[in-house]
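Participant: Next up is a structure, given as C-alpha cells.
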Amino acid sequence: QVQLVESGGGLVQPGGSLRLSCAASGSIFSVRRMGWYRQAPGKERELVAAITPGGTVNYADSVKGRFTISIDNADITVYLQMNSLKLEDTAVYYCNLDSPVRGVHWGKGALVTVSS
C-alpha cells in the first residue's frame, strides 16, 4: 500500500507564509511526478504545482512567483513553500503521487486558511 501523509497546514494572515510537507511510504518502486492540488469551498480541485524526480516543475499561474515546490527523492517527500499568501489561497491542499508502477495516489488533505 502507498500512503501519503501531509503536514504543515494552518491559519495564517494575508501576506504570511506556510510550508506544506508530504511524505510517501509503502511499496512505491518509482515516481513519475509528485504534486499539490487544492480545492476551495464550492470549487473544483485544481493543480497548484508539480515536480518530477529530475526537477522539472510546473505551477498554476495564480501561484507563480509566490509558491515553490521541491522534492527529496531519497525520502520521497515533496514540499510546498507558500509565500505572500492571499485570501484566495484558502483551500484544502492535497498531495498527489503518480507512479508508473503503483498508479495515482492522494493524501487526505491539509487545510490552509488565510484570514485576517
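Participant: When you take every Cα atom in the chain, what is the radius of gyration, and what is Dmax, the widest Cα pair distance, in Å?
Facilitator: Gyration radius and largest Cα-Cα distance of the chain: 13.5, 44 Å.
Participant: Can you tell me how much longer the chain between Ile28 and Ala40 gets when fully stretched, taken as 0.36 nm per residue apart minus their C-alpha distance, in nm with one decimal?
Facilitator: 1.4 nm
Participant: Related question: Relative to the present Cα-Cα distance, how much length would full extension add between Gln3 and Lys86 at 0.36 nm per residue of separation?
Facilitator: Working it through step by step, the gained length comes to 26.9 nm.
Participant: Please calculate how many Å² of accessible area the chain carries per residue, with a 1.4 Å probe and no DNA, RNA or ligand atoms counted.
Facilitator: 53
Participant: For the chain, what % of the accessible area comes from carbon and sulfur atoms, probe 1.4 Å?
Facilitator: 48
Participant: On to the next question. Given contacts defined as C-alpha pairs under 8 Å and at least six residues apart, what's the relative contact order of the chain, whole-number percent?
Facilitator: 37
Participant: Something else now. Could you pull the accessible area for Ser116 with a 1.4 Å probe, rounded to 10 Å²?
Facilitator: Ser116 exposes around 130 Å² with every protein chain in place.
Participant: Using alpha-carbon positions, what is the distance between the centroids of the range 37-61 and the range 15-29, in Å?
Facilitator: Value for the Cα centre distance between the two parts: 13 Å.
Participant: ³J(HN,Hα) across the range 43-49 via Karplus (A = 6.51, B = -1.76, C = 1.60, θ = phi - 60°), whole Hz, x for Gly/Pro?
Facilitator: 10, 7, 5, 9, 6, 9, 7
The values are calculated or read from the model by the stated rules, or taken from the named source; none is laboratory data. Only a predicted model underlies this, so the values are computations on that prediction, with no experimental measurement involved. Ligands, DNA and RNA are stripped out before the accessible areas are found, and what is left, the full protein with its side chains, is counted by its heavy atoms. Shrake-Rupley method; radii C 1.70, N 1.55, O 1.52, S 1.80 Å.
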